[in-house]
Amino acid sequence: MVQTTTNLADPSSWSSVDLVQSATGSLRWMSPEALEASKYYRLVLPQPLVFSVEPAIVAPGVAVDFYVLGQCFPTNAALQINGVTQAGAVVVSSSLMTISGFVPDLPGTYQIRLMVGGVGVSAFSVVCADALANPELVMQGPPTMEPPASPSAIWLSKKGYDYYKAQSDLTSAGAMNIPILKTTAWLVI
């Protein structure tokens with residue numbers, strides 16, 4: 001993102017001018033307006049950010065592997081859980097970090113914080129809940145409504161198939177040309 005200001009002393013005076021993206025690595029950008037007054041420009045790069053942590057609900061007293069998903073994780077990033085730096089945190093890629101074998105000892109909310117250069121830049125909360133004490137937090141039931149495209153028992157009945165098959169057989173055998181079949185209602189069971 002390209003931002004501009006006329007006053008470097010005021011950090012809140014920066015305004016966004018344009019979004020830029022490069023497919024090759026190098027980038028050239030030109031101001032869309034005439035440069036009549038002096039202005040300052042800066043390029044704001046994407047920042048490290050945590051999108052989600054999986055699993056988001058865990059049981060107390062059980063070891064769990066956390067998968068932290070996000071963007072722009074530097075190789076020197078660290079993860080903290082409730083303010084304690086996790087020595088087992090590994091940067092797998094710029095969008096995935098893991099914490100292996102963490103054991104939450106008490107039910108409650110645990111905050112996983114992404115640290116870059118000793119500064120917290122992003123965080124995500126995980127719930128630790130006892131399934132017996134709070135089943136509504138960990139248990140999921142079936143949906144209350146069928147999806148719109150789910151099959152219906154009416155269309156899957158054997159009677160409907162038998163009727164269709166009988167009509168098809170009568171037509172293919174030429175039986176529909178018999179006068180009595182044209183005037184009589186038939187019920188196939």
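Throughout, read-outs are computed from the coordinates displayed, never taken from laboratory work. Since the model is a prediction, treat every value here as computed from it, not as a measurement. Please note: Cβ atoms are built from the backbone with ideal geometry, for glycine as well, and neighbour counts cover all protein chains shown.
Starting with the fewest neighbours, write out F73, F51, F124 ranked by other beta-carbon atoms found within 10 Å of each beta-carbon.
The most exposed by this proxy come first: F51, F124, F73.
The Rg/Rh ratio of the stretch 2-43, with both radii computed over alpha carbons and Rh defined as the Kirkwood radius, is 1.01. Taking the convex hull of the alpha carbon positions in the stretch 49-138 and averaging its projected area over all directions gives 5.2 nm². Counting other Cβ atoms within 10 Å as a rough exposure proxy, the listed residues R42, R113, R28 run R28, R42, R113 from fewest neighbours to most. A crude spin-label estimate for the pair L96 and S31, with each label 7 Å from Cα along the Cβ direction, gives 4.5 nm.
By the beta-carbon count within 10 Å of each Cβ, the least crowded to most crowded order of I57, I99, fewest first, is I57, I99. For the stretch 34-69, the residues whose backbone nitrogen is under 18 Å from a point 7 Å from the Cα of D18, taken along Cα to Cβ, are 34-46.
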